[in-house]
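The values are calculated or read from the model by the stated rules, or taken from the named source; none is laboratory data. Since the structure is predicted, the reported quantities are computational estimates derived from the model, not experimental observations. Here the Cβ is made from the backbone with ideal geometry for all residues, glycine too, and neighbour counts use every protein chain on show. Note: areas computed on protein heavy atoms with side chains; ligands, DNA, RNA excluded. Shrake-Rupley method; radii C 1.70, N 1.55, O 1.52, S 1.80 Å.
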Amino acid sequence: MTLEIISPTGTLFHGEVSRVTLPGTIGSFTVLQDHASLLSTLKAGEISYESDGAVKTVAAEGGFVDVNNNRVVVCLK
(Lines give C-alpha, C1' and ligand atoms only; values in the text may rest on other atoms or scores of the structure.)
Protein backbone atom coordinates (compact mmCIF):
# COMPACT_ATOMS: atom_id res chain seq x y z
CA MET A 1 0.00 0.00 0.00
CA THR A 2 1.07 3.60 -0.48
CA LEU A 3 1.77 5.90 2.46
CA GLU A 4 2.06 9.67 2.18
CA ILE A 5 2.92 11.80 5.22
CA ILE A 6 2.43 15.53 4.67
CA SER A 7 3.30 18.40 7.02
CA PRO A 8 2.94 22.17 6.60
CA THR A 9 6.58 22.26 5.47
CA GLY A 10 6.22 19.57 2.80
CA THR A 11 6.12 15.83 2.18
CA LEU A 12 7.93 13.83 4.88
CA PHE A 13 7.47 10.42 3.23
CA HIS A 14 5.88 9.00 0.10
CA GLY A 15 6.28 5.34 -0.78
CA GLU A 16 5.21 1.73 -0.45
CA VAL A 17 4.79 0.25 3.04
CA SER A 18 3.59 -3.06 4.46
CA ARG A 19 2.05 -1.52 7.59
CA VAL A 20 1.62 1.80 9.40
CA THR A 21 0.76 2.38 13.07
CA LEU A 22 -0.85 5.69 13.99
CA PRO A 23 -1.67 7.52 17.27
CA GLY A 24 -5.44 7.85 16.89
CA THR A 25 -7.31 10.24 19.18
CA ILE A 26 -9.11 7.33 20.88
CA GLY A 27 -6.21 4.90 20.66
CA SER A 28 -3.36 3.68 18.54
CA PHE A 29 -4.21 1.55 15.48
CA THR A 30 -2.42 -0.28 12.68
CA VAL A 31 -3.33 -0.20 8.99
CA LEU A 32 -2.46 -3.18 6.78
CA GLN A 33 -3.01 -3.98 3.09
CA ASP A 34 -6.74 -4.00 2.14
CA HIS A 35 -7.80 -2.16 5.32
CA ALA A 36 -11.35 -0.81 5.37
CA SER A 37 -11.71 2.86 4.44
CA LEU A 38 -11.57 5.27 7.35
CA LEU A 39 -10.96 8.86 8.34
CA SER A 40 -9.52 9.53 11.81
CA THR A 41 -8.04 12.35 13.84
CA LEU A 42 -4.56 11.90 15.29
CA LYS A 43 -3.12 13.01 18.62
CA ALA A 44 0.50 13.76 19.48
CA GLY A 45 2.63 10.64 19.33
CA GLU A 46 4.68 8.54 16.97
CA ILE A 47 3.82 7.20 13.54
CA SER A 48 5.69 4.02 12.67
CA TYR A 49 5.76 2.29 9.32
CA GLU A 50 7.56 -0.62 7.70
CA SER A 51 9.18 0.03 4.33
CA ASP A 52 11.70 -2.26 2.60
CA GLY A 53 11.93 -4.42 5.73
CA ALA A 54 12.95 -1.49 7.98
CA VAL A 55 10.74 0.12 10.61
CA LYS A 56 10.87 3.92 10.53
CA THR A 57 9.19 6.53 12.74
CA VAL A 58 7.92 10.09 12.44
CA ALA A 59 6.90 12.32 15.36
CA ALA A 60 3.37 13.70 15.14
CA GLU A 61 1.84 16.67 16.97
CA GLY A 62 -1.64 15.75 15.74
CA GLY A 63 -3.53 15.85 12.48
CA PHE A 64 -5.70 13.38 10.57
CA VAL A 65 -5.42 10.29 8.38
CA ASP A 66 -7.44 9.11 5.38
CA VAL A 67 -7.30 5.41 4.45
CA ASN A 68 -8.88 4.45 1.13
CA ASN A 69 -8.11 1.78 -1.51
CA ASN A 70 -4.66 0.86 -0.12
CA ARG A 71 -3.63 4.52 0.04
CA VAL A 72 -2.91 6.09 3.43
CA VAL A 73 -2.59 9.89 3.56
CA VAL A 74 -1.47 11.45 6.84
CA CYS A 75 -1.76 15.24 7.24
CA LEU A 76 0.16 16.56 10.22
CA LYS A 77 -0.20 19.87 12.06
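List the chymotrypsin sites (Phe, Trp or Tyr not before Pro) within the stretch 1-63 that DSSP assigns to loop and that have no more than 15 neighbouring Cβ atoms inside 10 Å.
Working: sites: F13, F29, Y49; in loops: none.
Sparse-neighbourhood loop chymotrypsin sites (Phe, Trp or Tyr not before Pro): none present.
Label reach from S28 (point 7 Å along Cα→C-beta): in the stretch 60-77, amide nitrogens under 13 Å belong to 60. Rolling a 1.4 angstrom probe over the protein heavy atoms with all chains in place gives the stretch 14-56 an accessible area of 59 Å² per residue.
When only alpha carbons of the stretch 1-41 are considered, Rg and Dmax amount to 11.1, 30 Å. For the stretch 34-65 and the stretch 1-17, what is the centre-to-centre distance using only Cα atoms, to the nearest Å? Using only Cα atoms, the two centres lie 10 Å from each other.
Which GluC sites (Glu not before Pro) does the chain hold that lie in a coil by DSSP with at most 12 other beta carbons within 10 Å? The partial results should precede the final answer.
Working: sites: E4, E16, E46, E50, E61; in loops: E61.
Filter output for the chain: E61.
Would you mind checking the stretch 4-24 for residues with the amide N under 13 Å from a putative spin-label position 7 Å along Cα→C-beta of K77? Zone members listed by number: 8. Expressed as a whole percent, the accessible surface of the chain that belongs to carbon and sulfur atoms is 52, based on a 1.4 Å probe.
For F64 and S37, calculate 0.36 nm times their separation in residues minus their Cα-Cα distance, and state this gained length in nm to one decimal. Walk me through the intermediate numbers first.
Working: separation 27, 0.36 × 27 = 9.72 nm, distance 1.36 nm.
This chain segment gains 8.4 nm when fully extended.
If I take all pairs of Cα atoms in the chain, what percentage of them are more than 21 Å from each other?
Numbers: 414 of 2926 pairs.
Cα-Cα pairs in the chain separated by more than 21 Å: 14 percent.
Approximating the spin labels as points 7 Å out from Cα along Cα→Cβ, the H14-to-S51 distance works out to 1.1 nm.
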